[in-house]
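Colleague: This is the structure I want to talk about, given as structure tokens.
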Amino acid sequence: NKIYYYFDDKILTKLPVIESFSRLKGEKPKGFVWVSYLRGYDPKNKILAVDGARIDLAKATIHTAEGVDRFGALYIHDGEKVIQSRKFRNDSYAIIIYKNRYVIGVYNYLQSLFFQAFFFDNLDKRLFKTLHYDKDAKIFELVGR
């Protein structure tokens with residue numbers, strides 16, 4: 001089974017790129033990944049501003065026009081490794097703040113081979129073969145187990 005991933009400035013999403021908060025719109029429960037630019041941070045109230053939503057880090061909630069959702073864990077990644085993590089509750093939805101520029105929402109894919117290899121360094125990256133590369137993106141194929 002081929003599993004493809006899009007790689008853009010070390011931000012990874014499962015193809016096709018999911019640009020909205022699909023879980024609130026009835027996305028299939030298999031899981032999803034979304035990526036947004038970090039637009040702002042209010043340290044007093046611990047609120048992240050991202051495209052189309054705000055994330056309350058104190059309450060571990062995501063607020064969109066469609067409603068409110070909860071997440072279970074927060075990871076802060078500096079581009080090389082996770083430098084800080086916090087578990088709020090048992091939930092398959094996690095938020096990753098990446099390089100202080102991007103926010104990644106991950107539902108059910110945090111334990112996937114891809115996230116374990118590229119975000120948590122728990123797997124050999126040679127499991128993935130580059131199929132395509134240009135100045136904007138890489139597409140990987142999972143070739144090993």
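The values are calculated or read from the model by the stated rules, or taken from the named source; none is laboratory data. The model shown is predicted, which means the values in this text are computed figures rather than measured ones. All Cβ positions, even for glycine, are placed from backbone atoms using ideal geometry, and neighbour counts span all protein chains on display.
Colleague: In the range 28-56, how many are modelled with pLDDT of 90 or more, surrounded by fewer than 12 Cβ atoms within 10 Å (Cβ to Cβ) and not in a strand (DSSP E or B)?
Modeller: Summing the residues that are modelled with pLDDT of 90 or more, surrounded by fewer than 12 Cβ atoms within 10 Å (Cβ to Cβ) and not in a strand (DSSP E or B) in the range 28-56 gives 3.
For (1) modelled with pLDDT under 95; (2) surrounded by fewer than 12 Cβ atoms within 10 Å (Cβ to Cβ); (3) in a loop (DSSP other than H, G, I, E, B); (4) not β-branched (Val, Ile, Thr), each residue gets a yes or a no:
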| site | (1), (2), (3), (4) |
| --- | --- |
| Ile95 | no, no, no, no |
| Gln116 | yes, no, no, yes |
| Asn122 | yes, yes, yes, yes |
| Lys135 | yes, yes, yes, yes |
| Gly144 | yes, yes, yes, yes |
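Colleague: Considering each of Gln111, Gln84 in turn, give the residue that is without any contact (Cβ under 8 Å) to a residue 12 or more places away in the chain, touching a strand residue (DSSP E or B) at 6+ places or on another chain (Cβ under 7 Å) and either among the polar types (S, T, N, Q) or assigned to a loop (DSSP other than H, G, I, E, B) (or both). First the steps, then the outcome.
Modeller: Values: Gln111 fails: touching a strand residue (DSSP E or B) at 6+ places or on another chain (Cβ under 7 Å).
After applying the criteria, what remains is Gln84.
Colleague: Please find, within the range 57-78, the residue that is surrounded by the fewest Cβ atoms within 10 Å (Cβ to Cβ) out of those that are touching a residue at least 40 places away in the same chain (Cβ under 8 Å) and more than 14 Å from Ile95 (Cβ to Cβ).
Modeller: So the first thing to find is which residues in the range 57-78 are touching a residue at least 40 places away in the same chain (Cβ under 8 Å), and the list is 62, 64, 66-67, 69, 75, 77.
Then drop every residue that is not more than 14 Å from Ile95 (Cβ to Cβ), which leaves 66-67.
Values: Glu66: 14, Gly67: 11.
My answer is Gly67.
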